[in-house]
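Step one of this worksheet: look at the structure below.
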Amino acid sequence: MNEGRELANVSRNAVIVYVLYLAGFVLGITPLIGLVLAYISQEEAPSWLQTHYKFQIRTWWIGLLFGVTAFILSFVLVGFFLIPVIAIWLIVRCVKGLNTVTKQEPIGDPDSWLFG
């Protein structure tokens, strides 16, 4: 029973990062806090959990790239259609990550641009 509790404590930061990313829809700054937490936590984590931190870090940077691209394209109106797609992409990645981290499983492909 102690082992299960230890694993839950180890994966707690990864869960917090996913929640911070999702809270960004309401609070704005929380994804940046999540990024910092992911960078800090990744080195000491077990290998299965390192896949989550890599996935989270890539989610932030790819999301930033997509967001900047949508912002630029919004001057020609295309970006306004991309913003909901990016939001759905982010939600799916976070929900998938939350689902796998609570099962204490690694992300299948943390280098994926889609959903791992």
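A short reminder: the numbers here are calculations on the coordinates, not readings from a lab. Keep in mind the model is a prediction, meaning the values are calculated, not measured. Quick reminder, even Gly has a Cβ in these numbers, built from the backbone with ideal geometry, and neighbours come from all protein chains shown.
Just wondering, is there one or more residues in segment 1-23 that are under 13 Å from the mean Cα position of the chain (by Cα) and aromatic (Phe, Trp, Tyr)? The answer is yes, given that some residue of segment 1-23 is under 13 Å from the mean Cα position of the chain (by Cα) and aromatic (Phe, Trp, Tyr). The set of residues from segment 37-49 being in a helix (DSSP H, G or I) and surrounded by 13 or more Cβ atoms within 10 Å (Cβ to Cβ) comprises LEU37, ALA38, TYR39, SER41, TRP48, LEU49. One residue is enough: does segment 50-70 have a residue meeting the conditions hydrophobic (A, V, I, L, M, F, W, C), assigned to a loop (DSSP other than H, G, I, E, B), in contact (Cβ under 8 Å) with a residue 12 or more places away in the chain and surrounded by 12 or more Cβ atoms within 10 Å (Cβ to Cβ)? Among the residues of segment 50-70, not one is hydrophobic (A, V, I, L, M, F, W, C), assigned to a loop (DSSP other than H, G, I, E, B), in contact (Cβ under 8 Å) with a residue 12 or more places away in the chain and surrounded by 12 or more Cβ atoms within 10 Å (Cβ to Cβ), which makes the answer no. Return a yes/no flag: does segment 39-62 have any residue that is among the small types (Gly, Ala, Ser) and within 12 Å of the chain's Cα centre (by Cα). The answer is no; no qualifying residue exists. Inspect all residues belonging to segment 88-99 and state whether any of them is of a type in the set (A, V, I, L, M, F, W, C), in contact with a Gly (Cβ under 9 Å, 6 or more places away or on another chain) and in a helix (DSSP H, G or I). Scanning segment 88-99, I find at least one residue that is of a type in the set (A, V, I, L, M, F, W, C), in contact with a Gly (Cβ under 9 Å, 6 or more places away or on another chain) and in a helix (DSSP H, G or I), so the answer is yes. Check whether at least one residue in segment 100-107 is in a helix (DSSP H, G or I), over 21 Å from VAL10 (Cβ atoms) and over 10 Å from the mean Cα position of the chain (by Cα), and report yes or no. For segment 100-107, residues in a helix (DSSP H, G or I), over 21 Å from VAL10 (Cβ atoms) and over 10 Å from the mean Cα position of the chain (by Cα): absent.
Number of residues in segment 78-92 that are in contact (Cβ under 8 Å) with a residue 40 or more places away in the chain and of a type outside the set (Val, Ile, Thr) equals 2.
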